[in-house]
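The values are calculated or read from the model by the stated rules, or taken from the named source; none is laboratory data. Quick caveat, the model's predicted, so the values are computed rather than measured. Here the Cβ is made from the backbone with ideal geometry for all residues, glycine too, and neighbour counts use every protein chain on show. Please note that ligands, DNA and RNA were not included when accessible areas were found on the heavy atoms of the full protein model with its side chains. Shrake-Rupley method; radii C 1.70, N 1.55, O 1.52, S 1.80 Å.
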Amino acid sequence: MFRFQMSLLGAAVICSAMTPACADANDWATYRHDPHRSGAQRETSALSDPASVPGLTVRWQWPASAAGEGGSFYASPIVIEDRVFIGSNSGRFYALDAKTGALLWQFPAPLQPPLIGSCGAVGDRQSFGAYGVLSSASQHGERVIFGAPDPDPTVDGGRGSGRLYALDQATGKLVWKSDVLARVNGCTGGAFKEQHERLGYSSPLIHDGKIYVGVHNAGDDPIQNGKLLAVNADTGVLIPKFSFLATSDRGGGIWNSPAADGDGVLFTTGNTADGVVTEPVPNRGLSMMRIDDESASIRWQFQPVPFALDDDPDWAAGVTLMSTSCGKISASVMKDGWTYALEPRDGECRWQFPASLPHSAHCKFPPMGAHVHGDTDYKRPGAAWGDVLAITTGGEALVTSAGVSAGYGRLHALNACASSPSKRVRWIADVPHSSGGGYSLGSPTVTRGIFYIGTDQGHVVALADPSVAPPAFARCSQVFVPVANCVASGYSIVWAPAVLADVALPDHSNAAGLRNEVAISDGRLFVATTGGHVYMLAP
Amino acid sequence: MKIGKIRLHPKAQSHAPHHRVSALLPLAIISWRPNRAFADHGHARQGIVIGPYNQLKGPNDALCGQTEGLRSPISKWSTGHFIDRLTKLGGPQWRRSGWTHHMLRVVCICSVFIASLATGQTTWAQQGLQENTGPLPPPPPSAAPFVQSAPFLAFNRIEDQNGSVRIAFKGVGPGGAKIELRDVIVAPDASIRFDPIKGQVVIDTRSGEGLVKTGDLSATLETTKVASIAANGRIEVQNQGDVPLVLMIYVVEGR
C-alpha cells in the first residue's frame, strides 16, 4: 500500500509539474497541440535532438498514388495513439495508421455522399457550403470531433449548413452530429437577406465538457455576424445559454480556433466594416477577447484597430497562450502584420511588434492614424516555446514603404519577456523553399527549441534556436537595414538560425495552406498538402 | 501517459458530511475524473509509468487502463474513493485513534499535495528559464553577416549620424514636378540633420515619436500628424522615443 501511495503522490507531483501536457503527452490531439494552442510538443524525441534532425526523411505517404486524395488538405493531421486523423476539402475525413500510413477508415463511407453542401463548387474553400473539412479535428475521449457542412437535403435544402461531427476513433462510426451551428440558407453572393455562415477554419476546442467552435463567413460575401458557440461534448446538443455574438448586425467573424486556460475562452475576431457603413453597436470585431466559458459574458476585449481604420485586418490567427518566465501571455498577429502580446487576465497590452505607438496609446491605433490596416496576409498563429514566440509577422520593416511584405517567407522569433522593444527580436529566418509571397509559410510548430514549418513549395524545414544549435549568420532585426548600419539605426543585430533540415515532399505541392501545421508526435512529423497527400517524416 | 484530470474545486466543503475531511481542506483536490485511463500500459515512452498497484492487478503490475473493460475499475473511482485514498496516504505514523490526529494527517497530506501543485505550476511557469529561452547573447562583431537574401532597397547610413535613409521611389509628377519618397530611420534618442532639400517636404510619421525643426520652427512628429516644410530649409529630426523613429519623407520639387 505504501508503494501505491508513493506512486500516486509521485504521479500527482509530476503531473502537476507538466499540467498542460499531462493529458496529451506525445499525442498531437488538436490543432496547435493543446487548448493553449501553443504549437509545442514538450516531449523529448529525436526531433528535439539537433544531431538527429538532419536525417529527417519522408517515411510514408498517403495515398500512395501521385494523384492524392482527390481534394486538398488545408487542415492538419492530429495524432492520437498511433492513429492520424485529418479531413479534406473533398468532404471526407480519414483515419490512418501512424506507423505505416495505411488507411484505417474514412467518413462518410466510400459510397456515401461527402460532407459537401450544394452551395458552391465541390471543394471550393471559398464556397458558402461546399468547402468540406478545412480545419483540424480535436480529440474528446475516444472520439474525434471536427466541423463540416451537412449535405442532408432536409437541412436547409442541403446547401451546406455547418455542424460538428463526432466519430468513434477506432471505427469511424458516427457518434453524433451536433445541432446546426452555421447556417446556409441561400447561395446568392452579396445577399444580405441570406445567411452564409461557416465553420470552415475554426477547429473545435474541447474544454470542461463542452465543445466550442467559431463561426465565420465565406470571402466576406457578405460578412456574417461572428459567433462562438458551444455544444455538449457528449451529445452535440447546442448549449443555448452560451452564445457569443460579435455584433448586433454583421461582422466579427471567428476565423480561428478558440483557446482555453481553465478560466474562460480566448479567441480573436474579424472585420466589421466590409459593406457596413456605420459601426455596429456593440462592435466586437477586430478584437482579441476572453469570455466566460459558462455564460459567454465578456471578460475583456482588446481592439487595437478602430472601425475608422478597418480595411479588413482581421485576426485570422488565433490566440497563442504562452507560459513564460514573465508570466502568462496571450499573443497573436493581425492580418496587417502587427503582433500583440496581452496580459491574459485583463487584456492589457504588454507589447506590440513592431512597436509603433507611444506607451500611452496602450497599443491602440488612433482613429486618425497614418497606417493602412488591410488584409496583407498575416494569418497564421505562432508557436510558443518558453519565452519565445515564433510567428510570421510584419517585422520592424512593416512601417516602411513597401513594408507590408517584409515578413513574407520569414519566421520571426520574438523574446516575449524582453525588457525593451529593441530586444524583442531573437532571430529571423528566411525560410528556404518558400516563394516569399503572403501565403508562403504554414504555422510553425516547435519541440524543445527546434521549429518545424511547411512551405508553399512543398518543403518541411527545421530551424534550430541558437540556444540549441549554432546559428548560421548575424543580421539586423530590421530586414532592410544592413548589419553595418543596424545599431546606428536603433535596431539590434540578431541571429539567423541554422537550418537543420529542408525536406522536399514528393508531391511538390503546397504545405502552407491556411491551417497547415507540422504535427509532432512520438518522434515523427505529420504534414498534409494541398496536393492531397499526408506524409510522415522521421529522422 | 493519460491520467485523470485533477481540478481544484472551491466547493470542497460539500463533501464533508460523507468524508469528514473538508473543514480543514482549504484547497482539496476533489474532482477526480478519469478521462481515458489512469495510465497507458506500455507507454513508458510518454514519460511516466505508474508504479505497482497491488489491489487492481496484483504485485508489480503497472497500473493500466487501455480499454474500456480494463478501465472500468478505475473509472468507478468516485470522489469519495479518491478522498479515502488521500486520507490513507503516507506521512507520520499517527496513532489511529482520535479525530484530531485524523485531521492532522489529512492536513499534512493535503499540504504536501498543494505544495506539489504549487511547485509544479511554478516549474511550468518557469519553463522558459529551464529551457534557456531567455535572451540570447548578441552576435559578436566577428559573426558572419547574413547574405542569403540581401536587403531589398537597403538603407544607407546618413553619414556618421545615427540614422539611415533609402530612396523608395523617384518619379515625375503632374507638371513635371520631381517626386521622391525617402524612408528615414532615426535611432532612439538621436538627432539627424539633412542638408537643405530643394523641394517641398512632407513628413509622414510611420512609427515612434519625435520633433522636426527647421530654422526657428518646430513640429512634433507622431503617427496622427503630417508635417510640411518649405523648400531649401535645413531640417533636423529628433527621436524622442525609445523605438526607432520611422518617417516617410515626400519631396516635391517643382520645375
Q) Within the stretch A:329-362, how many residues are facing chain B (nearest Cβ under 8 Å) and either at pLDDT 95 or above or open to solvent by 10 Å² or more (accessible area, probe 1.4 Å) (or both)? A) 4
Q: Answer yes if at least one residue in the stretch A:183-190 is more than 27 Å from A:ILE223 (Cβ to Cβ), of a type in the set (Ser, Thr, Tyr) and surrounded by fewer than 24 Cβ atoms within 10 Å (Cβ to Cβ), and no otherwise.
A: no
Q | Unique residue being modelled with pLDDT under 90 and loosely packed, with under 15 Cβ neighbours inside 10 Å when the list is B:PRO196, B:PRO151, B:PRO138 | A | B:PRO138
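Looking only at residues in the stretch A:493-516 that are in contact with a helix residue (DSSP H, G or I) (Cβ under 7 Å, 6 or more places away or on another chain) and more than 7 Å from chain B (Cβ to nearest Cβ), which one is most open to solvent (accessible area, probe 1.4 Å)? Let's see the steps before the verdict.
Kept after step one, since they are in contact with a helix residue (DSSP H, G or I) (Cβ under 7 Å, 6 or more places away or on another chain), are these residues of the stretch A:493-516: A:493, A:500-501.
Then drop every residue that is not more than 7 Å from chain B (Cβ to nearest Cβ), which leaves A:500-501.
Numbers: A:LEU500: 31, A:ALA501: 8 Å².
This residue is A:LEU500.
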Q.
Looking only at the stretch A:463-477, filter to residues that are over 26 Å from the mean Cα position of the chain (by Cα) and crowded, with 23+ Cβ neighbours inside 10 Å; which one of those is farthest from B:GLN240 (Cα to Cα)?
A. A:PRO471
Q | Lone unmet requirement of (1) surrounded by fewer than 19 Cβ atoms within 10 Å (Cβ to Cβ); (2) more than 9 Å from every other protein chain (Cβ to nearest Cβ) for B:VAL184 | A | (1)
Q: Can you tell me which residue among B:PRO135, B:PRO140, B:PRO174 is without any contact (Cβ under 8 Å) to a residue 12 or more places away in the chain, under 30 Å from A:ALA384 (Cβ atoms), more than 7 Å from every other protein chain (Cβ to nearest Cβ) and not aromatic (Phe, Trp, Tyr)?
A: B:PRO140
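Rundown of residues vs (1) out of contact with any Pro (no Cβ under 6 Å at 6 or more places or on another chain); (2) of a type in the set (Lys, Arg); (3) buried (at least 18 other Cβ atoms within 10 Å of the Cβ), yes/no style:
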| site | (1), (2), (3) |
| --- | --- |
| A:GLY39 | yes, no, yes |
| A:SER45 | yes, no, yes |
| A:THR57 | yes, no, no |
| A:ALA66 | yes, no, no |
| A:ALA75 | yes, no, yes |
| A:VAL79 | yes, no, yes |
| A:ARG83 | yes, yes, yes |
| A:ILE86 | no, no, yes |
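Let's see how each residue does on (1) closer than 21 Å to A:ARG350 by Cα; (2) open to solvent by less than 10 Å² (accessible area, probe 1.4 Å); (3) touching a Pro at 6+ places or on another chain (Cβ under 6 Å):
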| position | (1), (2), (3) |
| --- | --- |
| A:LYS364 | yes, no, yes |
| A:MET368 | no, no, no |
| A:TYR378 | yes, yes, no |
| A:THR392 | yes, no, no |
| A:GLY395 | yes, yes, no |
| A:TYR408 | no, no, no |
| A:TRP427 | yes, yes, yes |
| A:ASP430 | no, no, no |
| A:SER440 | no, yes, no |
Q: Please go through the stretch B:202-237 and pick out each residue that is in a strand (DSSP E or B), open to solvent by 40 Å² or more (accessible area, probe 1.4 Å) and within 14 Å of chain A (Cβ to nearest Cβ).
A: B:VAL202, B:THR220, B:VAL226
Q.
So B:GLN161 ticks every box in (1) under 28 Å from A:ALA361 (Cα atoms); (2) open to solvent by less than 70 Å² (accessible area, probe 1.4 Å); (3) within 13 Å of chain A (Cβ to nearest Cβ); (4) out of contact with any Leu (no Cβ under 8 Å at 6 or more places or on another chain) but one. Which box is left unticked?
A. (1)
Q) When residues of the stretch B:239-255 are filtered for being within 13 Å of chain A (Cβ to nearest Cβ) and either within 38 Å of the chain's Cα centre (by Cα) or open to solvent by less than 60 Å² (accessible area, probe 1.4 Å) (or both), how many remain? A) 11
Q) What is the number of the single condition among (1) surrounded by fewer than 19 Cβ atoms within 10 Å (Cβ to Cβ); (2) within 23 Å of A:ASP274 (Cα to Cα); (3) charged (D, E, K, R) that A:LYS173 does not meet? A) (2)
